[in-house]
Amino acid sequence: MAQLWGGRFTKQTDQLVYDFNASITFDQRFYKQDIEGSVAHVVMMAQQGMLTQEEMKQIVEGLKGIQEDVESGKLQITKEYEDIHSFVEANLIDRIGQVGKKLHTGRSRNDQVALDMKLYVRVGVLEIEALVRELLEVLLHIMEENTQTYMPGFTHLQKAQPVTLAHHLGAYFEMFKRDRERLQDVFKRMNYCPLGAGALAGTTYPLDRNRTAELMGFYGPTLNSMDSVSDRDYVLELLSACSIIMMHLSRFSEEIIIWNSNEYQFVEIDDAFSTGSSIMPQKKNPDIAELVRGKTGRVYGSLMALLTTMKGLPLAYNKDMQEDKEWTFDALDTVKKCIQLFTGMLSTMKFRRDVMETSAKNGFTNATDAADYLVNHGVPFRDAHGIVGRLVLYCIEQNKALDDMTLEEFKSISPVFEEDIYDAISLKTCVDKRITLGAPGKSVMEQVIEQNKQYLGNE
Ligand code: ARG
């Protein structure tokens with residue numbers, strides 16, 4: 001047991017207590033952040049005259065040496081230390097002796113862990129944001145190539161009106177764009193440095209908190225020391241943004257699973273992103289999409305767990321907050337992997353344009369347009385709705401599509417129909433006439449794609 005305290009104790013810690021309390025098994029993940037924070041702290045202390053230049057140099061070199069040795073595998077982070085902070089400090093003292101003991105001046109593990117977590121989460125926000133951006137690139141590329149790939153649009157999972165693949169995927173583009181903006185927003189709000197808050201009430205040493213904040217790329221220091229050590233809002237905001245990302249990925253996965261089914265066959269998932277069955281040789285399963293859908297629950301779980309942990313905590317630091325780490329690490333790993341795999345699956349997936357188009361033709365998705373045709377020829381909409389309803393019933397009995405009816409058949413139901421009905425209800429017309437902003441019509445879709453290209457290019 002290597003711990004940073006013990007002076008006021010007369011007994012050894014019980015082993016079970018020690019193990020229960022220790023966090024080294026998971027907080028070793030942020031050894032780099034812990035060292036980064038310590039380096040900034042000593043550089044600032046030297047500037048403030050709290051350390052000599054020589055002491056500062058020795059400590060910084062010692063810390064960098066620890067990082068190098070951990071990264072090369074020469075130095076193992078073991079359970080012998082209570083947490084990553086103890087590990088770094090104890091190793092520093094082993095390496096450079098007495099001067100190492102000055103590192104923790106004007107600092108508590110409470111502001112130290114608040115800083116480490118923030119530095120770690122900040123990297124996570126940027127990594128996830130970059131992955132969402134890649135997904136947006138892939139989506140936009142597929143959209144550009146499919147402004148005239150007709151497919152049925154659904155409501156209640158029933159064919160409703162024809163759209164295009166570009167338009168359908170464009171809906172996901174908007175979702176992931178908002179996700180990306182949410183991440184950027186989390187970053188903006190969280191990027192303030194808690195170091196210097198001490199245990200809860202700051203310190204009497206002349207720390208320059210602006211300087212430490214600046215050294216680590218923060219916008220500035222946090223403004224209340226009690227809040228600084230007990231704030232985990234930014235983790236919750238990130239987990240919430242991640243949960244929404246997962247919800248979007250899960251909905252998209254569900255659609256891909258449906259589209260990939262034998263019944264739909266709208267898409268074919270690449271062999272590299274599918275799996276087989278141990279018993280049924282014919283199977284090619286969409287396991288990646290299913291796992292992404294499944295892992296969504298896990299990320300929601302992290303959010304709910306941390307919200308529940310934080311609820312009712314009195315100010316300021318409480319050990320409960322140590323529980324933030326495993327949930328957050330797991331959620332960040334999961335989201336990163338899911339976006340990466342999903343993007344790979346999407347970029348290699350084949351869209352079966354012919355099947356999509358046939359499906360759009362065969363589900364009366366042009367019924368609204370047939371009614372609009374009548375309205376344009378002077379029939380009140382309510383009557384037109386009834387007439388087309390009878391047309392649809394007739395087609396169902398005859399087992400044909402609206403487009404397959406002869407003009408005589410059309411006329412037998414309403415004399416208003418003329419030869420131009422065929423053009424009016426063709427898929428191309430149905431889609432291309434929908435040119436209100438946000439609709440699937442090719443001209444307006446191209447405008448939106450252009451705008452989104454600029455959005456991605458303007459970084
Ligand atoms: N391992 C602790 C955590 O993750 C570090 C802070 C410990 N501070 C304390 N006063 N026990 O929260």
Note to self: No solvent, one uniform scatterer per C-alpha: report log10 I(q)/I(0) for the stretch 1-46 via the Debye equation at q = 0.27 1/Å, two decimals.
What the structure shows: -0.97
Next item on the list: Show the residues, 5+ positions off or on another chain, whose built amide H is closer than 5 Å to the amide H of N285.
Entry: T275, G276
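Using only alpha-carbon positions, what ratio does the radius of gyration of the stretch 1-101 give when scaled by 2.2 N^0.38 Å?
Output field value: 1.15.
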Notebook entry, point to check: Which of the peptides 280-290, 318-328 is most tightly packed, and how do the rest follow, judged by the mean count of other Cβ atoms within 10 Å per residue?
Noted result: 318-328, 280-290
Next item on the list: Kindly rank 100-107, 84-91, 12-19, 405-412 from highest to lowest mean number of other beta carbons found within 10 Å of each residue.
Entry: 84-91, 100-107, 405-412, 12-19
Item checked: Mean projected area in nm² (Cα convex hull; one quarter of hull surface) for the stretch 359-457 -> 7.1 nm²
Item checked: Charge dipole (the chain, unit charges on Cβ, about Cα centre) - positive-most of G297, P314, A367 -> P314
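Per residue, how big is the convex hull of the chain when only Cα atoms are used? Give it in Å³.
Normalising the Cα hull of the chain by residue number yields 203 Å³.
Let me make sure I get this right: for the stretch 269-366, a, b and c are the square roots of the gyration tensor eigenvalues over alpha carbons, sorted descending. Under 1.5 in a/c it's rounded, otherwise prolate if a/b > b/c, else oblate. Which is it?
Verdict is prolate for the stretch 269-366.
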Next item on the list: Run the dipole for the chain about the Cα centre, Lys and Arg Cβ at +1, Asp and Glu Cβ at -1, nothing else charged, and hand back the magnitude in debye, nearest 20.
Entry: 1080 debye
Next item on the list: Taking the dipole about the Cα centre of the stretch 15-105, with the C-beta of Lys and Arg at +1 and of Asp and Glu at -1, give me whichever of I96, L51, H85 is farthest to the positive side.
Entry: L51
Next item on the list: Using packing as a proxy for protection, rank 367-376, 446-455, 242-251 so that the peptide with the highest average count of other Cβ atoms within 10 Å comes first.
Entry: 242-251, 367-376, 446-455
Margin query: Counting only pairs 8 or more residues apart or on different chains, how many lysine pairs in the stretch 359-457 have their Cα atoms under 15 Å apart?
Written below: 4
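Contact order normalised by length for the stretch 359-457, with contacts defined as Cα pairs under 8 Å and 6 or more residues apart; what percent is it?
23 percent
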Margin query: Can you give me the long-range amide H partners of V267? Hydrogens built in the peptide plane at 1.01 Å from N, cutoff under 5 Å, separation of 5 or more residues or another chain.
Written below: N260, R352
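Just so you know, all these numbers are worked out from the coordinates, no wet-lab data involved. Here the structure is a predicted model, which is why all the values come from computation and not from measurement. Using ideal geometry, Cβ is built from the backbone for each residue, glycine included, and neighbour counts are taken over all protein chains shown.
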